[in-house]
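Structure first, then comments.
What follows is calculated from the coordinates using simple rules that are stated; it is not laboratory data. Keep in mind that what you see is a predicted model, and the values were worked out from it rather than measured. Reconstructed Cβ throughout: ideal geometry from the backbone, glycine too, with neighbour counts over all protein chains shown.
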Amino acid sequence: MKRVALLSLLAAAPVSGQDLYLSLEASLPERPELIADGAPRRLVLLEDGTLYVGGTQRIAAGRLEKGELKEIDKRLEKVRKATPGLGGNLSLGTGAQRFRLVVSKGKPIDVVVTGDPAAAPFNLRPIASLVADLAAYQHPTLRPYRPAFYALRAREASLPGGCREWTFPITPDKALQAPQPLAAAETQGWPTGAQAASACASDKRYAVTLRPLLPFEKP
């Protein structure tokens, strides 16, 4: 399946958090109703083992044990040894996949990886294998996470089908300028994440996304 890069997220600052261990952003399936700006990060891991895994629309939360964190530590050390000075952009060859891996624990890593991990050359297999595994990561402790706030964002656009009335307490002009924090109660009935909704206000139509926010995230 073709994929479209999360260009805006990949260019954004890394997720902030006092005890951030690592985060991964990943590309989305190429579908017209999906807007990358609304997608949660694919994975966020804190140093205490708290884990957040994002899908196209929602987030699940769980927790890793100390032994599981140590295994990730070992894999990161292998990556650092195999690709010293890792940072910037790294191509695995062909393929439209795109990832951004940020590691805050230990020697920092901030790298955008493009291409198909399965086709990576031998010397890049440690980093390719790591981002592929993190992008597909699951854990038995994961449960649905209910965010207290979302980031409301809008752009002038006409999506296929009709449109619903703009009912948010934030004006379209503000949502056009920058993502705006919105309490979860104000999002009832609207799709979340990268799934865009069509909203009408006056004679204008907007494509609206509601990105779920983690406790330490800001729009």
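Taking 0.36 nm per residue of sequence separation and subtracting the Cα-Cα distance, how much length would be gained by fully extending the chain between K66 and A148, in nm to one decimal?
Numbers: separation 82, 0.36 × 82 = 29.52 nm, distance 2.81 nm.
So the extension gain works out to 26.7 nm.
Under the 0.36 nm per residue contour assumption, what length would be gained going from the current alpha-carbon distance of A157 and K74 to full extension?
Details: separation 83, 0.36 × 83 = 29.88 nm, distance 4.62 nm.
In short, 25.3 nm is gained.
By how many nm would the segment from S129 to K107 grow when fully extended, if each residue of separation counts as 0.36 nm and the alpha-carbon distance is taken off? Mind showing how you got there, number by number?
Numbers: separation 22, 0.36 × 22 = 7.92 nm, distance 1.93 nm.
Full extension of this stretch gives 6.0 nm more.
Quick check: convex hull of the Cα atoms in the chain, volume per residue, rounded to a whole Å³? Numbers along the way, then the final one.
Details: hull volume 27.0 nm³, N = 219.
Output value, Cα hull per residue: 123 Å³.
If the only charges are +1 at each Lys and Arg Cβ and -1 at each Asp and Glu Cβ, what is the size of the charge dipole of the range 3-143 around the Cα centre, to the nearest 20 debye?
Values: 19 positive and 15 negative charges, 51 e Å.
Here the size comes out at about 240 debye.
Based on the Cβ-Cβ distance of R164 and R58, what FRET efficiency does E = 1/(1 + (r/R0)^6) give at R0 = 35 Å, to the nearest 0.05? All intermediate terms of the calculation are to be shown ahead of the outcome.
On the way: r = 20 Å, r/R0 = 0.58.
The formula returns an efficiency of 0.95 here.
Which one, A197, T94, P169, is farthest towards the positive end of the dipole of the chain when Lys and Arg carry +1 and Asp and Glu -1 on their Cβ?
T94
Starting from the Cα coordinates of the range 147-212, work out the convex hull volume and express it per residue in Å³.
Working: hull volume 5.0 nm³, N = 66.
Cα convex hull per residue, to the nearest whole number: 76 Å³.
Tell me the volume per residue, in Å³, of the convex hull enclosing the alpha carbons of the range 101-219.
On the way: hull volume 20.7 nm³, N = 119.
Spread over its residues, the Cα hull of the range 101-219 gives 174 Å³ apiece.
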